[in-house]
Amino acid sequence: MGRLPEAGAEQTQVAGPETVRPWRQRFDWALYATVLSVLVAAGGLAFTGVSTYYATQVAIDQLAQSREDAGVKERRQASMVSAWSERQTNGGISGVLANRSLDPVTAVYVKGTATSPGETDGQSFIVLIETLPPCSMISLPANVVGRKADEFAADARIRVETIWFRDAQSLKWRRPSDAPLTPSAGPQDLPEFSGNNSNGNDFSIRLAEAVAAAKPMAKCGE
């Protein structure tokens, strides 16, 4: 017969294996939701920041382009007014003033020098042309730019140094022969006038005739 366990003796119990819960029950969903919310918020802030940056850059570029376009439009007519020199049949050189725009320019001051044969230093002259017609050019030979017809030799070399004028929008401009076109600073920028005038009480008939004889240009408004 087998022995019965003694009274009071502890009975040893064998524990079964621990039950493993599914991962869905072990995962901390609250922590996951918190982390996900933080990441989404951070991503949203980053996207907003990038979008704002690029929107600002686009606005800056558009403003710069708008200003550039306005400047080009503002200078369009003025850029079509120019002067140069060309040789005459008598061996002299005449100044030429041209307006390639489709609108007249007014209050045109022309400053330059006339150098007669045998001279090294030219003599200064200034003429004022009240209106330079659109799409036209006028010739300024020695007998026109001088205060008297014979002030300079007929075959003198005329060089236009600077022109000042007012465009159709009443904007004032200054164009030197050796520098870019710039806005004129106003009356203080003009030379002291003491030459021929194409209009007014003391106008020069020779200069007025030169303006009246303006020649049409082949290409205008370009």
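Scanning region 141-169 for residues that are at pLDDT below 90 and basic (Lys, Arg) turns up 147, 148.
Would you mention how many residues in region 159-173 are open to solvent by 70 Å² or more (accessible area, probe 1.4 Å) and in a loop (DSSP other than H, G, I, E, B)?
So the answer is 2.
Note on region 84-126: residues that are open to solvent by 20 Å² or more (accessible area, probe 1.4 Å) and not in a strand (DSSP E or B) amount to 14. Collect the residues in region 127-158 that are among the basic types (Lys, Arg) and buried (at least 17 other Cβ atoms within 10 Å of the Cβ), keeping them in residue-number order. Across region 127-158, the qualifying residue is only 157.
Being among the polar types (S, T, N, Q) and more than 19 Å from residue 94 (Cβ to Cβ) is a description that applies to residue 184.
The values are calculated or read from the model by the stated rules, or taken from the named source; none is laboratory data. Bear in mind that the values here come from a model prediction, so they are computed numbers and not experimental data. Every residue, glycine among them, receives a Cβ derived from its backbone with ideal geometry; neighbour counts consider all protein chains shown. These accessible areas exclude ligands, DNA and RNA; they are computed on the full protein's heavy atoms, side chains included. Shrake-Rupley method; radii C 1.70, N 1.55, O 1.52, S 1.80 Å.
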